[in-house]
1. Given the options V62, V113, V104, which has the most mean-square fluctuation in a GNM of the chain, springs set between C-alpha atoms less than 10 angstrom apart?
2. Please compute the modelled spin-label separation between V104 and H42, points set 7 Å along Cα→Cβ, answer in nm with one decimal.
3. Could you order peptides 1-14, 70-83 by the average number of other Cβ atoms within 10 Å of their residues, highest first?
4. Given 0.36 nm per residue, what is the gain on full extension from L25 to K128 after removing their alpha carbon distance, in nm?
5. Return the tail of the calculated pair distribution for the chain, meaning the percent of Cα-Cα pairs more than 21 Å apart.
6. So what is the relative contact order for the chain, in percent, with contacts set as C-alpha pairs under 8 Å and at least six apart?
7. Treating the beta-carbon of each Lys and Arg as +1 and of each Asp and Glu as -1, no other charges, what is the dipole magnitude of the chain about its Cα centre, to the nearest 20 debye?
8. Quick one: if you stick a label point 7 Å off each Cα along the C-beta vector at E65 and D16, how many nm between them?
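What follows is calculated from the coordinates using simple rules that are stated; it is not laboratory data. Keep in mind that what you see is a predicted model, and the values were worked out from it rather than measured. Neighbour counts run over all protein chains shown; Cβ positions are idealised from the backbone, glycine included.
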Amino acid sequence: MIDTAVERQVMESGVDEYGLRLVVLPPPVSAGIGVIQLRLGHTVFGEVRLSLCPVDRRAILVHVEVEEKHRRRGAGRVLVNAATKRGAKFDWSMLPIGRDPVTVAFWARVGAVGPASPHPCTHQVEAKVVPAESRWTKWW
Ligand SMILES: [Zn+2]
């Protein structure tokens, strides 16, 4: 469908109207939540939210969302692949998947990138990658 290699991912300035592109929206702060969108011009098919800490080499997959009408065509898998390639050899974890059957079925197909209980480093905690209020009560 699309080459997910980091070199093929573009910034906003590399977007054109004709091709399917993986567009990177860098995080506002280091180790904060960045976004990779799968887009055709300005139409967003879906996006993945992730946090990468280059110091501790920890990566957290925060969320994947694909527009309903674009589902079941591999967009979600492409987004997850694009995310993991940005954090190759990082220690990956994910936010809890929850019970939504669509989400559960998606991860069963694609395969989890790491344990579905995040272990953020101090930078990721500082950048509020993992919502503080639920950090202790729900996830551990
Ligand atoms: Zn860190």
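1. Fluctuation is largest for V104.
2. Simple spin-label model gives 4.0 nm for this pair.
3. Highest to lowest by the protection proxy: 70-83, 1-14.
4. The span from L25 to K128 would gain 35.3 nm if fully extended.
5. Everything past 21 Å amounts to 41 percent.
6. Relative contact order here is 20 percent.
7. Computed about the Cα centre, the dipole is about 420 debye.
8. In this crude spin-label approximation the distance works out to 2.9 nm.
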